[in-house]
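*Asks:* Got a structure here, written out as structure tokens. Questions coming.
The values are calculated or read from the model by the stated rules, or taken from the named source; none is laboratory data. Values in this document were obtained by computation on a predicted structure and should not be read as measured data. Positions of Cβ are backbone-derived with ideal geometry, glycine not excepted, and every protein chain shown enters the neighbour counts.
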Amino acid sequence: MYRKVPCSVEGCPSLSFADSPYCLEHSSSPEEAVKRLVDRIIAEGGAINIDFSHINLHGIDFSRMRFVGCRFRQATLSHVLFTGASFRLCFFDTSSIECCDFSGVDMDFCSLGDTDIFDCSFENSELIHVNFDGSRIKESTFSSSNLYDSRFILAEIEYSNFENCDFKRVFFMPARSESVSTNGSNINEAIQDLEHLYI
């Protein structure tokens, strides 16, 4: 997992950014620090144990990259391509994800809890043991994906598609649901009431 290394500036409560001794706020050039990290990830084909918290990424192509043990807490991701990427034990909790492509991803034991997800595609993906609890999902698609044992407890889901999905052992109990399509999915195999929440 990512290392929790405090920023070297005395009294700063933030963690250091990637391999830097400083947090982004105290870096001499935050934009340059982010660019160096992105270039390194693309050159190496992925990232292991990197803390991307509070990072702002726009228009980056991380297609087919591999992410293991990374944290994207309170990150802002916009127009980022993760097409065909793989994720293991990664955490996007409390982040903002807009117009990003996660289609064809292989995502295991990850969390996108309390996350704003807008106009994103998770189509044709393996989303196994993925947490979307409390997230706000709008105008997004999960169609033709395997959602095995994932959770959408108290999520708000609007104008989104879950067509032809595998809902086996999925905890699907949104707090609010509007214009959500599950056509062709085995939604009857999902756990949809609190009575069976911990079975």
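*Asks:* Being among the hydroxyl-bearing types (Ser, Thr, Tyr) and surrounded by fewer than 22 Cβ atoms within 10 Å (Cβ to Cβ) is the requirement here; does residue 83 meet it?
*Replies:* Numbers: among the hydroxyl-bearing types (Ser, Thr, Tyr): yes; surrounded by fewer than 22 Cβ atoms within 10 Å (Cβ to Cβ): yes.
For residue 83, the condition - among the hydroxyl-bearing types (Ser, Thr, Tyr) and surrounded by fewer than 22 Cβ atoms within 10 Å (Cβ to Cβ) - is met.
*Asks:* Kindly evaluate residue 53 against the criterion of being more than 26 Å from residue 126 (Cα to Cα) and polar (S, T, N, Q).
*Replies:* No: the conditions fail for residue 53.
*Asks:* Tell me, which residue of the stretch 142-159 that is within 18 Å of residue 188 (Cα to Cα) and hydroxyl-bearing (Ser, Thr, Tyr) is surrounded by the fewest Cβ atoms within 10 Å (Cβ to Cβ)?
*Replies:* Across the stretch 142-159, the extreme among qualifying residues is 148.
*Asks:* Scan the stretch 55-62 and give yes if some residue there is small (Gly, Ala, Ser) and in contact with a strand residue (DSSP E or B) (Cβ under 7 Å, 6 or more places away or on another chain), otherwise no.
*Replies:* no
*Asks:* Any idea which residue in the stretch 21-62 is farthest from the chain's Cα centre (by Cα), counting only those that are surrounded by fewer than 16 Cβ atoms within 10 Å (Cβ to Cβ) and small (Gly, Ala, Ser)?
*Replies:* Among them, the one singled out is 28.
*Asks:* Do any residues in the stretch 23-51 that are over 18 Å from residue 63 (Cα atoms) and free of Cβ contacts under 8 Å to residues at least 40 places away in the same chain have Cβ atoms under 8 Å from those of residues that are assigned to a helix (DSSP H, G or I) and of a type in the set (A, V, I, L, M, F, W, C), where the two are at least six apart or on different chains, and which pairs are they?
*Replies:* Final answer for the pair search is 24/33; 24/34; 27/33.
*Asks:* Just for strands (runs of 3 or more DSSP E) wholly inside the stretch 126-199: which have at least 2 residues that are under 21 Å from residue 94 (Cα atoms) and not small (Gly, Ala, Ser)?
*Replies:* The qualifying strands (runs of 3 or more DSSP E) are 126-128, 136-138, 156-161.
*Asks:* Within the group 180, 130, 105, which residue is more than 29 Å from residue 41 (Cα to Cα) and either hydroxyl-bearing (Ser, Thr, Tyr) or in contact with a Ser or Thr (Cβ under 9 Å, 6 or more places away or on another chain) (or both)?
*Replies:* On inspection, the qualifying residue turns out to be 180.
*Asks:* Follow-up. When both residues are 6+ apart or on different chains and their Cβ atoms are under 9 Å apart, which pairs have a first residue that lies in the stretch 181-195 and is more than 16 Å from residue 145 (Cα to Cα), and a second that is exposed (fewer than 11 other Cβ atoms within 10 Å of the Cβ) and not hydrophobic (A, V, I, L, M, F, W, C)?
*Replies:* none
*Asks:* Would you be able to say whether some residue in the stretch 89-108 is surrounded by fewer than 22 Cβ atoms within 10 Å (Cβ to Cβ), of a type in the set (A, V, I, L, M) and either under 11 Å from the mean Cα position of the chain (by Cα) or at pLDDT below 95 (or both)?
*Replies:* yes
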